[in-house]
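Read-outs throughout are calculated quantities, based only on the coordinates presented, and are distinct from any laboratory measurement. Values in this document were obtained by computation on a predicted structure and should not be read as measured data. Neighbour counts run over all protein chains shown; Cβ positions are idealised from the backbone, glycine included.
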Amino acid sequence: RGRTPGGKPPQPPSRESCQWMGGASPRGSTWSLPRALAVAAAALLLASPLSVAFSSPLPHMPPHSVEVAGSSIAEVNGAYVVREPHVIPAGFTATCVQMSWPHEQMWKKLSDGRRPWFESDNGSYIYWNRSDGCWWIDGPSGAGVYIQKRDSEMPPVDGEWKPLSAEASASLPVLRMSHGAE
């Protein structure tokens with residue numbers, strides 16, 4: 001009891017490790033951990049309830065869904081729900097079968113196994129491809145429609161999507177994340 005996993009007694013935090021708290025600076029002679037905590041708590045209490053209620057969730061929380069709009073390829077527009085990384089999209093499997101590729105091996109090779117992917121009701125999907133470092137928006141057949149080079153945890157909602165066909169270039173998609181009931 002009162003020991004760290006290594007068996008040593010816990011040490012108080014250093015000034016350097018606490019300098020982020022409430023904007024407190026360890027350089028001043030009046031700096032103290034209780035004061036830093038009080039400043040941080042006051043900032044939270046004084047925050048507008050509306051700004052807290054409508055702020056984005058923590059970055060580690062994956063979005064519940066992605067909305068794609070504005071694409072000239074109608075089948076990729078719509079709502080996409082989050083899927084587990086180990087589940088393989090049906091369109092991806094269809095493309096692999098058509099090309100005589102082993103779909104499970106290809107999915108393991110191209111997806112990183114940790115980022116979620118997103119699927120629409122019609123089977124269109126959005127996933128990150130580690131082979132080329134791009135997010136892909138694929139139609140229900142598994143054919144690529146748009147890509148955007150971005151090493152991000154989630155599909156990019158900014159930047160420009162690169163069309164993979166002349167038809168897709170007529171109007172580029174815009175993505176919006178949803179973290180549940182909004």
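A few notes on this one:
- Residue that is surrounded by the fewest Cβ atoms within 10 Å (Cβ to Cβ) [pool: residues in region 62-81 that are in contact with a Pro (Cβ under 9 Å, 6 or more places away or on another chain) and over 24 Å from Ala168 (Cα atoms)]: Pro62
- Within region 146-162, tally of residues that are aliphatic (A, V, I, L, M) and assigned to a strand (DSSP E or B): 1
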